[in-house]
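K.L.:
Provided herewith is a single structure, encoded as structure tokens, for subsequent inquiry.
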Amino acid sequence: MDTIASLFSFITTPVSWVIVQFHRLYGAIFGPDTGWAWGLSIVSLVVLIRICLIPLFVKQIKSTRNMQALQPKMKAIQERYKSDKQRQSEEMMKLYKETGTNPLSSCLPILAQSPFFFALYHVLSGIASGKTIGVINQPLLESAQKAHIMGAPLAAKFTDSASKVESLGATLTDVRVVTAIMIVLMSASQFFTQRQLMTKNVDLSVKTPFMQQQKMLMYVFPVMFAVMGINFPVGVLVYWLTTNVWTMGQQMYVINQNPTPGSKAQASYLERLSKSIAAHSDVRGKRRRAVVQAIVAKGPDRNDNERKFITGLAKQGFAAQADGSVVKSEATAAEAEGSGPKRQQPKRQTKAQRQSGAVAQQGTADAEEPAKTSLDKGTSDEGSGAKQDAPQDAKSKPAAKPASGTARSKAQSGQRKGQQRPKHPSKK
């Protein structure tokens with residue numbers, strides 16, 4: 001640890017100076033030797049650092065989403081060039097360059113926060129060992145050693161011996177109970193942060209190895225924090241618990257206000273946005289207008305959540321515009337609802353119903369055919385006078401075939417249709 005501390009010694013002085021400035025502020029309120037003054041100084045240090053890291057956090061979100069979108073293409077490259085690792089690496093770098101994605105961007109907040117973490121650890125270790133460090137002089141060192149957070153000294157650890165803890169003015173039981181509670185809270189906050197990212201802010205329409213990696217980290221990170229936490233001083237646990245809570249709250253804000261496309265969080269966000277548009281007949285806020293504008297620009301490439309949002313607006317009588325606004329349109333509502341009557345499918349009939357219907361239809365046809373035949377005959381009789389000049393050979397023509405109904409009645413009476421086959425000599 002001395003080697004690591006020496007590597008981050010350049011930032012030890014600035015970190016100790018910030019802590020001292022916050023200690024002066026809170027010391028005037030709660031007293032300079034209280035745990036409130038020193039504990040709130042560490043919490044304020046975390047808040048200040050995380051505010052400075054917000055631009056990196058935004059970059060991390062963009063990089064993570066780009067990596068999620070590139071997972072199918074990356075997998076295709078790996079399958080295509082699985083026997084040529086060099087070509088595979090070249091194609092990967094080309095893909096990153098074309099899309100402007102940096103795989104290391106997702107780790108930037110943690111990497112940027114690491115120097116402050118080790119500097120604070122070095123400062124608290126110096127307080128525990130009675131050494132002045134940075135701008136913390138001897139009076140401040142004695143004040144920090146007197147500070148207790150819920151009965152545990154600021155520089156005590158879970159693994160410290162009873163004699164060392166007693167030298168800091170506390171009992172081993174108090175130190176271990178406080179550190180155990182803080183380690184559990186630290187691990188639980190880390191687990192909840194990762195879990196809400198996996199369950200709410202992941203595009204479920206695309207199954208990629210990235211999701212499996214995130215799921216694995218959801219369980220690995222809390223275990224890592226629990227194992228490392230027993231070697232952290234109470235002050236460092238305060239620092240790490242505060243930064244985990246900050247990350248959890250920051251993640252909740254991003255999920256609610258800027259969700260990943262295709263995720264459950266986006267469906268909830270667009271539902272709230274649709275209700276707001278229905279209530280105010282307008283898109284309120286530049287950020288919301290930017291969201292609507294991006295959805296309109298996608299066109300046919302919209303995901304299910306975005307298509308449902310556009311359809312919902314149309315049913316309410318609104319049409320989304322390219323600039324992110326909405327206009328009232330009754331034609332859009334009529335088109336979405338469907339102006340014509342819906343076509344009804346015929347009911348399925350049973351076999352008995354179909355047979356009875358066929359018999360009734362055949363009976364109707366049989367009744368109509370004789371009437372039609374007699375009508376035709378009458379018409380021909382009336383027109384016989386006009387046909388007296390016709391050749392007499394026409395009378396020698398064979399008679400017309402009987403109607404189907406007559407033929408059927410004869411067939412039913414046992415008479416055979418057509419020319420009779422001669423009987424066999426043996427049967428005469």
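The values are calculated or read from the model by the stated rules, or taken from the named source; none is laboratory data. These figures come from a predicted structure and were not determined experimentally. Neighbour counts are summed over all protein chains in view; Cβ atoms, including those assigned to glycine, are modelled from backbone coordinates with ideal geometry.
K.L.:
Show the residue pairs meeting these rules: Cβ distance below 9 Å; 6+ apart or different chains; first residue within region 129-148 and in the same structural domain as Ile11 (by TED's automatic domain parsing); second residue basic (Lys, Arg).
P.N.:
Qualifying pairs under 9 Å: Leu141/Lys131.
K.L.:
Based on what the data block shows, is Tyr239 within 30 Å of His23 (Cβ to Cβ) and assigned by TED's automatic domain parsing to the domain that holds Met67?
P.N.:
yes
K.L.:
One residue is enough: does region 156-165 have a residue meeting the conditions assigned to a loop (DSSP other than H, G, I, E, B), farther than 24 Å from Ile42 by Cα and modelled with pLDDT of 85 or more?
P.N.:
If we filter region 156-165 for residues that are assigned to a loop (DSSP other than H, G, I, E, B), which is where we start, we get 156-161.
If we keep only those that are farther than 24 Å from Ile42 by Cα as well, we get 161.
Checking which are modelled with pLDDT of 85 or more leaves us with 161.
Yes, the conditions are met somewhere in region 156-165.
K.L.:
Please find, within region 246-283, the residue that is nearest to Ile110 (Cα to Cα) out of those that are among the polar types (S, T, N, Q) and out of contact with any Phe, Trp or Tyr (no Cβ under 8 Å at 6 or more places or on another chain).
P.N.:
Among those that are among the polar types (S, T, N, Q) and out of contact with any Phe, Trp or Tyr (no Cβ under 8 Å at 6 or more places or on another chain), it is Thr247.
K.L.:
A follow-up question, please. Somewhere in region 201-208, is a residue part of a helix (DSSP H, G or I) and either in contact with a helix residue (DSSP H, G or I) (Cβ under 7 Å, 6 or more places away or on another chain) or modelled with pLDDT of 90 or more (or both)? Break it down stepwise before answering.
P.N.:
Here is the first cut: in region 201-208, the residues part of a helix (DSSP H, G or I) are none.
No, region 201-208 has no match at all.
K.L.:
Within region 311-325, how many residues turn out to be assigned to a loop (DSSP other than H, G, I, E, B) and within 17 Å of Lys298 (Cα to Cα)?
P.N.:
Within region 311-325, residues that are assigned to a loop (DSSP other than H, G, I, E, B) and within 17 Å of Lys298 (Cα to Cα) number 5.
K.L.:
Right, next: Just to verify a result, which residue in region 75-106, among those that are of a type in the set (Ser, Thr, Tyr) and in a helix (DSSP H, G or I), is modelled with the highest pLDDT?
P.N.:
Here the residue is Ser89.
K.L.:
Have a look at Ser41, Ser125 and point out the one that is in contact with a Phe, Trp or Tyr (Cβ under 7 Å, 6 or more places away or on another chain), crowded, with 17+ Cβ neighbours inside 10 Å and not aliphatic (A, V, I, L, M).
P.N.:
Working: Ser125 fails: in contact with a Phe, Trp or Tyr (Cβ under 7 Å, 6 or more places away or on another chain).
On inspection, the qualifying residue turns out to be Ser41.
K.L.:
Inspect region 163-178 for any residue being out of contact with any strand residue (DSSP E or B) (no Cβ under 8 Å at 6 or more places or on another chain) and crowded, with 21+ Cβ neighbours inside 10 Å and give the result as yes or no.
P.N.:
Within region 163-178 (the criterion being out of contact with any strand residue (DSSP E or B) (no Cβ under 8 Å at 6 or more places or on another chain) and crowded, with 21+ Cβ neighbours inside 10 Å), the answer is no, since none of the residues qualifies.
K.L.:
Would you point out the residue of region 270-310, among those that are in a helix (DSSP H, G or I) and of a type in the set (S, T, N, Q), that is surrounded by the fewest Cβ atoms within 10 Å (Cβ to Cβ)?
P.N.:
Only one residue fits best here, namely Ser276.
K.L.:
State whether the residues of region 125-136 include one that is closer than 27 Å to Val15 by Cβ and modelled with pLDDT of 85 or more.
P.N.:
Of all residues in region 125-136, those closer than 27 Å to Val15 by Cβ come to 125-136.
Within this subset, residues satisfying the condition of being modelled with pLDDT of 85 or more are 135-136.
Yes, that holds for at least one residue.
K.L.:
Condition first: modelled with pLDDT under 85, of a type in the set (A, V, I, L, M) and part of a helix (DSSP H, G or I). Can you find one or more residues in region 19-28 that meet it?
P.N.:
no
K.L.:
From the list Ala314, Ala265, Ala320, which one is surrounded by 15 or more Cβ atoms within 10 Å (Cβ to Cβ), among the small types (Gly, Ala, Ser) and in contact with a strand residue (DSSP E or B) (Cβ under 6 Å, 6 or more places away or on another chain)?
P.N.:
Ala320
K.L.:
List the residue pairs whose Cβ atoms are under 6 Å apart, where the first residue sits in region 58-82 and is under 13 Å from Pro261 (Cβ atoms) and of a type in the set (A, V, I, L, M, F, W, C), the second is modelled with pLDDT of 75 or more and surrounded by 17 or more Cβ atoms within 10 Å (Cβ to Cβ), and the two are 6 or more positions apart or on different chains.
P.N.:
Within 6 Å, no pair qualifies.
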